[in-house]
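> Just passing along the structure, written as structure tokens.
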Amino acid sequence: MNIFRFFGDISHLASIFILIHKIHTSRSCRGISFKTQVLYVAVFVTRYLDLLYSWVSLYNFVMKVFFIASSCYILYLMKVRFRPTNDPSIDTFRVEYLVGPCAVLALIFNYGYAVTEVLWSFSIFLESVAILPQLFMLQRTGEAETITTHYLAALGAYRTLYIPNWIYRYFSEGYVDPIAVTAGLVQTGLYLDFFYVYFTKVLQGQKFELPA
Amino acid sequence: HEEVHGHDEL
């Protein structure tokens, strides 16, 4: 564990709390892509199957359980509790274009032909693109509530912090995970446009609005 | 192998 990974994980936790807070206080999941949230459940469940057979640390265990539970809770909020505020008609990204290629990539690039290893790879690839339905929705509507942009910024910060974590681990432990690094770089790249608007507008006190 | 790719990251 190093500070980059630690604060990355904390940032990831924060993003989830921000999202849940947004839904509760506004009593609405407007502006949130249900598809992205479903993909995150798929990511966490397929990646954390090792909860059943391997022990890393208490920290690792608690975080994994939290990510699975909180992502399922968000689906419940969106589909049951605040269902009327969820508008599927603007959440139109075709998820099969993400899941299919990720499954193929996982079969080609993995660390061993075991079901759990292939699912692990799949989850890494899927996480890297899971935010796309959300960003697509943002693009379509052209604007976002400020709190939603804080959610995305915290998620983006989590991904960004994993990069110095890998650099640190390479030099301190000689540890490199090529699959995680490659997918992680792609994932972080997806946030660049968003970050630009976030830093130049939202953090200057303006509303998140994309140019028409 | 297990050592290097133990998947200790979240």
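> Pick out the one residue from A:Phe7, A:Phe17, A:Phe44 that is among the aromatic types (Phe, Trp, Tyr), outside any loop (DSSP other than H, G, I, E, B) and more than 14 Å from chain B (Cβ to nearest Cβ).
Working: A:Phe7 fails: more than 14 Å from chain B (Cβ to nearest Cβ); A:Phe44 fails: more than 14 Å from chain B (Cβ to nearest Cβ).
Exactly one of A:Phe7, A:Phe17, A:Phe44 is among the aromatic types (Phe, Trp, Tyr), outside any loop (DSSP other than H, G, I, E, B) and more than 14 Å from chain B (Cβ to nearest Cβ), namely A:Phe17.
> So is A:Phe61 assigned to a helix (DSSP H, G or I), farther than 30 Å from A:Ala114 by Cα, among the hydrophobic types (A, V, I, L, M, F, W, C) and free of Cβ contacts under 8 Å to residues at least 40 places away in the same chain or not?
Numbers: assigned to a helix (DSSP H, G or I): yes; farther than 30 Å from A:Ala114 by Cα: no; among the hydrophobic types (A, V, I, L, M, F, W, C): yes; free of Cβ contacts under 8 Å to residues at least 40 places away in the same chain: yes.
No; evaluated as a whole, the condition is false for this residue.
> Taking A:Ser26, is it closer than 21 Å to A:Ile90 by Cα, surrounded by fewer than 17 Cβ atoms within 10 Å (Cβ to Cβ) and either more than 11 Å from the chain's Cα centre (by Cα) or not basic (Lys, Arg) (or both)? Working first, answer last.
Values: closer than 21 Å to A:Ile90 by Cα: yes; surrounded by fewer than 17 Cβ atoms within 10 Å (Cβ to Cβ): yes; either more than 11 Å from the chain's Cα centre (by Cα) or not basic (Lys, Arg) (or both): yes.
For A:Ser26, the condition - closer than 21 Å to A:Ile90 by Cα, surrounded by fewer than 17 Cβ atoms within 10 Å (Cβ to Cβ) and either more than 11 Å from the chain's Cα centre (by Cα) or not basic (Lys, Arg) (or both) - is met.
> Being in contact with a Lys or Arg (Cβ under 6 Å, 6 or more places away or on another chain), β-branched (Val, Ile, Thr) and either in a helix (DSSP H, G or I) or without any contact (Cβ under 8 Å) to a residue 40 or more places away in the chain (or both) is true for just one of A:Ile124, A:Ile147, A:Ile163. Which residue is that? Let's see the steps before the verdict.
Working: A:Ile124 fails: in contact with a Lys or Arg (Cβ under 6 Å, 6 or more places away or on another chain); A:Ile163 fails: in contact with a Lys or Arg (Cβ under 6 Å, 6 or more places away or on another chain).
A:Ile147 is the lone residue from the list that is in contact with a Lys or Arg (Cβ under 6 Å, 6 or more places away or on another chain), β-branched (Val, Ile, Thr) and either in a helix (DSSP H, G or I) or without any contact (Cβ under 8 Å) to a residue 40 or more places away in the chain (or both).
> Check region A:89-112 and report whether any residue there is touching a Pro at 6+ places or on another chain (Cβ under 6 Å) and away from chain B (no Cβ under 14 Å). Don't jump to the end; show me each part of the working.
The initial filter retains those residues of region A:89-112 that are touching a Pro at 6+ places or on another chain (Cβ under 6 Å), namely A:93.
Right, trim to away from chain B (no Cβ under 14 Å) and you get A:93.
Yes, region A:89-112 contains a residue that is touching a Pro at 6+ places or on another chain (Cβ under 6 Å) and away from chain B (no Cβ under 14 Å).
> Looking at A:Lys64 and the list (1) surrounded by 13 or more Cβ atoms within 10 Å (Cβ to Cβ); (2) over 21 Å from A:Ile18 (Cβ atoms), which single condition is not satisfied?
(2) is the only condition that A:Lys64 fails.
> Let me ask another. Based on what the data block shows, is A:Arg30 under 26 Å from B:Asp8 (Cβ atoms), modelled with pLDDT of 95 or more and basic (Lys, Arg)? Step through it out loud before you land on a result.
Working: under 26 Å from B:Asp8 (Cβ atoms): no; modelled with pLDDT of 95 or more: yes; basic (Lys, Arg): yes.
In short, no.
> Additional query: Being of a type in the set (A, V, I, L, M), assigned to a helix (DSSP H, G or I) and within 14 Å of chain B (Cβ to nearest Cβ) is the filter here, so list the residues in region A:168-212 that pass it. Break it down into steps so the answer makes sense when it comes.
Narrowing region A:168-212 to residues of a type in the set (A, V, I, L, M): A:176, A:179-181, A:183, A:185-186, A:190, A:192, A:197, A:202-203, A:210, A:212.
With the extra rule that they be assigned to a helix (DSSP H, G or I), the set shrinks to A:179-181, A:183, A:185-186, A:190, A:192, A:197, A:202-203.
Within region A:168-212, A:Ile179, A:Ala180, A:Val181, A:Ala183 qualify.
> So A:Ala157 ticks every box in (1) in contact (Cβ under 8 Å) with a residue 40 or more places away in the chain; (2) farther than 28 Å from A:Pro101 by Cβ; (3) in a helix (DSSP H, G or I) but one. Which box is left unticked?
(2)
> Follow-up question, since we're still on this one. Any residue at all in region A:95-105 that's under 29 Å from A:Thr141 (Cα atoms), of a type in the set (Ser, Thr, Tyr) and assigned to a helix (DSSP H, G or I)?
Yes; the residues of region A:95-105 include at least one that is under 29 Å from A:Thr141 (Cα atoms), of a type in the set (Ser, Thr, Tyr) and assigned to a helix (DSSP H, G or I).
> Working carefully through the options A:Thr160, A:Thr149, A:Thr188, find the one that is touching a strand residue (DSSP E or B) at 6+ places or on another chain (Cβ under 6 Å), under 24 Å from A:Phe6 (Cα atoms) and crowded, with 17+ Cβ neighbours inside 10 Å.
Values: A:Thr160 fails: touching a strand residue (DSSP E or B) at 6+ places or on another chain (Cβ under 6 Å); A:Thr188 fails: touching a strand residue (DSSP E or B) at 6+ places or on another chain (Cβ under 6 Å).
Being touching a strand residue (DSSP E or B) at 6+ places or on another chain (Cβ under 6 Å), under 24 Å from A:Phe6 (Cα atoms) and crowded, with 17+ Cβ neighbours inside 10 Å holds for just one of A:Thr160, A:Thr149, A:Thr188, which is A:Thr149.
The values are calculated or read from the model by the stated rules, or taken from the named source; none is laboratory data. Quantities reported herein were computed from a predicted structural model and do not represent experimental measurements. In this analysis, Cβ positions are derived from the backbone assuming ideal geometry, glycine residues included, and neighbour counts consider all displayed protein chains.
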